[in-house]
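Note sheet for the following structure.
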Amino acid sequence: MISNRAPYSVRRRGRESELVRSVGGLASTLDDALRIRGGSWLAWSGSVARKVRGLAKHPPVRSLLVPGGEYRLRLLTLSERQVSSYYHGFSNRSLWPLCHYFPSNAAFDLEEWRVYESVNRLFARAASSSVPRGGITWVHDFHLALVPRMLRSLRPAARIATFWHIPFPAAAVFRILPWAREIVAGLLGSDLIGFHTSEYTTHFLECARSLLPAEVSVSRGEVRYHGHFTRVSAFPLGVEATQFGGYGSDASVLKEVEKMRLSINAERIILGVDRLDYTKGILERLNAYESFLADNPQWHGKVCFVQIQVPSRESVPEYRTLREQIDRTVGRISGRFSTAEWTPLRYLCHGFNRRELSVFYRAADVMLVTALRDGMNLVAQEFVATRSDDDGVLILSIFAGAAERLREAILVNPYEQSGIQRAIEQALGMKTQDRRSAMVAMRQRVMEEDVNWWLGWFLAAAAPSGRRAKRPLSTATR
Ligand code: GDG
């Protein structure tokens with residue numbers, strides 16, 4: 001496994017260091033899979049070294065056994081400059097905004113690109129010593145797009161599979177990136193490239209065709225470039241559905257749900273859960289809620305919108321500005337509508353673990369996911385998985401990858417404020433029977449096509465015989 005962040009962080013305890021597992025998320029699932037299969041995981045340590053001799057060319061790689069000793073974690077130390085240019089810079093300020101259709105938020109800096117390239121080379125070099133014989137090297141995400149080709153040149157026989165976790169935009173947008181060709185060529189060092197949706201897959205293939213002298217079959221999802229064959233396909237990621245479903249019917253969780261509903265003291269609860277990011281459409285959602293309240297006085301005193309927001313990327317200026325805008329908007333709405341008895345909005349600006357999130361998911365009547373673009377959006381699927389009561393309404397952006405799987409949600413274009421407002425009105429007025437039939441249909445798919453279904457399918461497709469791997473029917477058939 002090769003990814004930017006590791007599933008563990010290192011904590012110092014006097015002279016000793018200890019590995020602390022990150023809570024929840026896909027990393028934990030992949031960690032579990034490696035524990036079963038064995039192997040190694042190469043990632044940036046997450047910390048920044050101020051001065052280490054020879055860091056730029058030969059960074060120290062710390063090799064640690066994960067607790068229990070099932071596999072090795074190999075952690076790369078990066079310098080301050082490397083982290084700021086490769087991670088905060090090129091990854092988060094060039095690729096991220098462009099892939100989410102925000103070219104105006106993107107900055108393109110030659111120096112940052114060069115550092116991105118050199119850090120990708122460090123990863124490829126470090127990985128080349130642990131390429132498994134007969135096994136798969138799995139590269140994750142946009143931080144490491146050049147690694148597949150670099151690793152291929154060092155280890156021509158390696159079996160390399162890459163999963164891209166964010167949207168892949170239309171060729172007309174991706175071509176804005178001055179190094180678009182290099183990124184596409186870099187990814188094509190893989191034997192398999194996976195995306196969340198068929199739309200992203202097609203976009204990537206069209207980029208390969210228009211930017212490179214490559215033979216491309218869009219319909220078969222195949223590329224031949226410099227004599228190397230790559231299969232490109234959609235593998236929509238699922239969630240830890242069994243765990244969330246379990247929380248949704250756990251007696252102690254349900255007790256907390258009751259307590260939460262009593263303390264929020266509203267007939268209906270609307271919920272938003274996001275990492276703070278301009279791609280998530282938080283501001284758009286708040287504005288729509290404000291106009292909903294302005295136009296629907298009959299709901300005053302009866303509805304509460306709970307927005308959970310986990311701070312992220314605070315060193316990138318766009319994120320700091322957004323945080324200020326959201327803070328101001330929340331203040332404006334609360335000030336405008338709150339009364340001594342009623343709080344129309346609760347704003348929780350910190351993270352929660354899976355069990356705590358499940359209490360919110362289960363307590364909500366309406367879940368609002370209004371991402372302006374989102375590779376998949378796991379939160380929407382987690383909400384559905386938790387609803388073992390088959391109740392609750394999901395309002396979902398058409399620009400989230402999850403909309404392909406959750407077609408029975410109330411689908412909205414998040415760029416249309418009045419559309420979000422109408423969806424809120426519709427959701428609050430929906431009959432029990434209609435809520436149930438939509439939730440039952442969505443839940444069946446989320447439970448069947450869970451993260452293990454995805455993992456098994458992707459690994460089968462990544463294996464040397466993978467060209468014949470078909471989409472499995474469901475987890476039940478594994
Ligand atoms: C990227 C792509 C794609 C835990 N505590 C909190 C919290 N978590 C967990 C959630 C969920 C995950 O974090 C968030 O996943 P999302 O998919 O919603 O969003 P990104 O972080 O942007 O993830 C995305 C994903 O990669 C996987 O490929 O789906 O499109 O952008 O599992 O349970 N989340 C929040 N608050 C917490 O307190 N918001």
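The values are calculated or read from the model by the stated rules, or taken from the named source; none is laboratory data. Bear in mind that the values here come from a model prediction, so they are computed numbers and not experimental data. Note that each Cβ is placed from the backbone with ideal geometry, even for glycine, and that neighbours are counted across all protein chains shown. Note: areas computed on protein heavy atoms with side chains; ligands, DNA, RNA excluded. Shrake-Rupley method; radii C 1.70, N 1.55, O 1.52, S 1.80 Å.
Descriptive notes on the structure:
- Taken over the stretch 252-265, the criterion of being open to solvent by 80 Å² or more (accessible area, probe 1.4 Å) and either farther than 18 Å from residue 306 by Cα or part of a helix (DSSP H, G or I) (or both) is satisfied by 255, 258, 259, 262.
- Residues in the stretch 456-472 that are open to solvent by 70 Å² or more (accessible area, probe 1.4 Å) and not in a loop (DSSP other than H, G, I, E, B): 467, 468.
- The residue that is farthest from the chain's Cα centre (by Cα), counting only those in the stretch 184-201 that are more than 22 Å from residue 468 (Cβ to Cβ) and surrounded by fewer than 21 Cβ atoms within 10 Å (Cβ to Cβ), is 185.
- All positions within the stretch 143-168 that are in a loop (DSSP other than H, G, I, E, B), open to solvent by 20 Å² or more (accessible area, probe 1.4 Å) and touching a Ser or Thr at 6+ places or on another chain (Cβ under 9 Å): 155, 159
For (1) within 14 Å of the ligand (Cβ to nearest atom); (2) free of Cβ contacts under 8 Å to residues at least 60 places away in the same chain; (3) polar (S, T, N, Q), each residue gets a yes or a no:
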{"position": "229", "(1), (2), (3)": "no, yes, no"}
{"position": "232", "(1), (2), (3)": "no, yes, no"}
{"position": "241", "(1), (2), (3)": "yes, no, no"}
{"position": "263", "(1), (2), (3)": "no, yes, yes"}
{"position": "283", "(1), (2), (3)": "no, yes, no"}
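- Residues in the stretch 29-45 that are touching a residue at least 24 places away in the same chain (Cβ under 8 Å), within 16 Å of the ligand (Cβ to nearest atom) and either within 21 Å of residue 239 (Cβ to Cβ) or surrounded by fewer than 20 Cβ atoms within 10 Å (Cβ to Cβ) (or both): 29, 30, 31, 33.
- When residue 289 is tested against (1) modelled with pLDDT of 95 or more; (2) within 16 Å of the ligand (Cβ to nearest atom); (3) open to solvent by less than 10 Å² (accessible area, probe 1.4 Å), only condition (2) is not met.
- Test result for residue 316, within 16 Å of the ligand (Cβ to nearest atom), aliphatic (A, V, I, L, M) and open to solvent by 10 Å² or more (accessible area, probe 1.4 Å): no
- Exclusive hit being surrounded by fewer than 20 Cβ atoms within 10 Å (Cβ to Cβ) and at pLDDT below 95, set 175, 133, 114: 133
- Failed criterion for residue 213 (all others in (1) farther than 29 Å from residue 406 by Cβ; (2) buried (at least 16 other Cβ atoms within 10 Å of the Cβ) hold): (2)
- The residues listed here are 353, 377; of these, the one that is near the ligand (Cβ under 9 Å from one of its atoms) and at positive phi is 377.
- Test set (1) assigned to a helix (DSSP H, G or I); (2) under 27 Å from residue 281 (Cα atoms); (3) in contact (Cβ under 8 Å) with a residue 40 or more places away in the chain - residue 108 fails condition number: (1)
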